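These notes are about the structure you will find just below.
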Amino acid sequence: MERDENHPRPQLTRERWTDLCGTWQFCYDDANAGLSQHWYHKPEVFDRSITVPFPPESQSSGIHDTSMHPIVWYRRSFQVAPEDRSQRLLLHFGAVDYRAQVWLNGQLVAHHEGGNTPFSADITDALAAGDAEQIIVVRAEDQPQDLTQPRGKQYWEAEPRRIWYHRTTGIWQPVWLEPVGTTYITDIRWTPDLLRGLLGIQIILNSQPDRQLKVDVELSINGTTLANDTYTVERSEVGREIALEPSGMTMSREGILWSPRYPNLIDAVVTLRDGDQVIDVVQSYAGLRSVGFANGRFLLNGRPYYLRLVLEQGYWPDSLLAAPSNEALRHEVEMTKALGFNGVRIHQKVEDPRFLYWCDKLGLLVWGEMANAYVFSSTAVERLAREWIDVVRRDYSHPCIVTWVPLNESWGVPSLDQDRAQQDYVRMVYHLTKTLDPTRPVIGNDGWEHLASDVLGIHDYALDGATIRQRYSSTEALEHTLREVQPHYHTIILPDTVRHGEPIMLTECGGISYAPDPGQPWFGYGTVHNQEEFLAKYEDIMGAILDCPTIVGFCYTQLTDTEQETNGLLHADRTPKLDVAAISAITKRASQSMPGEVLASIQATAEVTSFQGPGR
């Protein structure tokens, strides 16, 4: 069974599914009259069409209305295939911003809050009989000026400015149907254990089975079987650790571990059985790798690995937060690697699972980040914490994700340096994330005002190499910078924070932009006038960072121009501003924190660590 690379949820697929993206009916509800007037029964109110999953603010939607419309409605019809009539039918939404209600044939079948996370509904009992047309209606509410919502870079005023962008309202990730049996698999969680040669699996069912079932798990890599196990299922969750024993394969070869250089994926077919009767089959995949920070370094598969990240806003000129296509997401990953980066920091966005699939497959590290709110209140805390839990659960099994970033630059905690409640909140989110996922590093609040973090991420937009060297070229200079210097007008470490040897990264830096034309809306951190100046400035900044032995990685701002923030290495349409090979050569230059004479061998062993397997 080959992977379905066009599936909207590539890490948990079934053979049969129906894409519901495309043309839907659409209308605005500025007076908030739709619920009281039962618009889910009134097709006549839908006065225009929209192309899903593109938000109405975008050109790709066919509407392109960027004014504020807090409530929108969608409607479309479909027919149930005859072979699906004997099964349950699930309706899936990748993401709807921010609050959604869903009706089928006038019956409310789902409601969901959270603009970044998926939800599903079993719509079987609401289906019309026979060959009748089935009618889906969706109401989405996204209050544009509610700063307690986790909104990321979506701006709350009429027009975007500086580092904030146009809003995305309503459906912005794929919608699809999926037939299943009465008892079926809802999720699979993979936990690699590199040291013991094990792969943990947790299989979650939709309900408690009323009789004993069996589940078969077949693991393979490039056609070689790694495991073929069968377990008894008596509850709605079953967890096991699978010993990986490839027949006729030497485990020390690079063909087993996952890394950017060798992005090996272990394919899985999971079959749920009632005796000899197959009641569900899903395909998944996992990556065998370990990550962490130790002894002042980032470790990949137990060896030091220098992080060369680029900031990825994930906005598109014609479709905003929604990806224009699956092919565009693949190209984004390929271009990032071509520029010499080994990872991305997804910024203030929970990225489409298809993007994460291409990072898994092609080999690109990811820092997963939450879209933040902008005020501190009990409502804001509850909303972010609840949705962040769902984000970590959704993306837990992706090998590409190596760090979690729940908060950025004290957004949503504006008095973090003085308010004990806000400090407790940051610590809570850090420890909550570590509890949900103890296998990955967490940065509680990236950029400055660190309280709880596995790495000290510093946002420093110094635009000359001399300043960077002055701040980070020695341990003494670093300590002075951490306690006394405010690279971006904020204290890096709060006074009562105790350090435990956390490594240092510049998690935002650079920000070079071409000088704007007169009257052009623009934001950048420093300007150049031509390609020669741009390349020289990039080399000056990156060379200084790589020369500093105290820095174990960086994240350059940024991959693409995004609306008025024109400091990308690529234009908004993803065409390069500079020679790609020249940028790559600078980006990949050896770092003094990993001396050049041993860098090549260290990187090679980091990505091909000897894997002894269980009991060896």
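Values in this text are rule-based calculations from the coordinates and carry no lab data. The structure presented is a predicted model; accordingly, all values stated were derived computationally and were not measured. Every residue, glycine as well, gets a Cβ built from its backbone with ideal geometry; the counts of neighbours run over all protein chains shown.
Report the Rg/Rh value for the range 275-340, based on alpha-carbon coordinates and the Kirkwood definition of Rh.
1.16
Please tell me which of these pairs span more than 25 angstrom C-alpha to C-alpha: Lys361/Lys537; Lys537/Lys588; Lys337/Lys577; Lys361/Lys588; Lys42/Lys153; Lys434/Lys588?
In this structure, Lys361/Lys537; Lys42/Lys153; Lys434/Lys588 lie more than 25 Å apart at Cα.
Where does each of 307-315, 131-139, 357-365, 319-327 land if you order them by average Cβ count within 10 Å, highest first?
307-315, 357-365, 319-327, 131-139
Which of the peptides 331-338, 539-546 is most tightly packed, and how do the rest follow, going by the mean number of other Cβ atoms within 10 Å of each residue?
Working: 331-338: 18.2, 539-546: 21.1.
For the peptides 331-338, 539-546, the packing ranking is 539-546, 331-338.
Candidates [x] 48; [y] 31; [z] 60; which is the computed percent of Cα pairs over 39 Å apart?
Matching entry in [x] 48; [y] 31; [z] 60: [y].
Quickly rank 398-411, 217-230, 367-380 as a protection proxy: mean count of other C-beta atoms within 10 Å, highest first.
Packing order, densest peptide first, comes out as 398-411, 367-380, 217-230.
With Rg and the Kirkwood Rh both taken from Cα atoms, where does Rg over Rh land for the range 18-179? Intermediate values should be presented prior to the final figure.
Working: Rg = 15.8 Å, Rh = 16.2 Å.
That ratio equals 0.98.
Quick one: P(r) of the range 352-483 from all Cα-Cα pairs, 5 Å bins, percents rounded to integers, in order of increasing distance.
2, 10, 18, 19, 17, 15, 11, 7, 2
When the gyration tensor of the range 201-356 is built from Cα positions, what are the square roots of 5 times its three eigenvalues, in whole Å, from largest to smallest? Could you put the intermediate results ahead of the total?
Values: eigenvalues 228, 105, 46 Å².
Ellipsoid semi-axes (Å, largest first): 34, 23, 15.
Based on DSSP, what percent of beta bridges with both residues in the chain are antiparallel, to the nearest 5?
75
Compute and list, largest first, the equivalent-ellipsoid semi-axes of the range 116-238 from the alpha carbon gyration tensor, each √(5λ) rounded to a whole angstrom.
Details: eigenvalues 301, 138, 37 Å².
Calculated on Cα positions only, the semi-axes equal 39, 26, 14 Å.
Trypsin sites (Lys or Arg not before Pro) within the range 9-72: which are DSSP loop residues with at most 16 other Cβ atoms inside 10 Å?
Numbers: sites: Arg14, Arg16, Arg48; in loops: Arg14, Arg16.
Answer by residue number: Arg16.
How big is the charge dipole of the range 35-165 about its Cα centre, in debye rounded to the nearest 20, if each Lys and Arg gets +1 on its Cβ and each Asp and Glu gets -1 on its Cβ?
So the dipole magnitude of the range 35-165 works out to roughly 220 debye.
Can you give the helix-only mean residue ellipticity at 222 nm for the chain, where every DSSP H stretch with n ≥ 4 adds -39500 (n - 2.57) and the sum goes over all residues, rounded to the nearest 500 deg cm²/dmol?
It comes out at -5500 deg cm²/dmol, rounded to the nearest 500.
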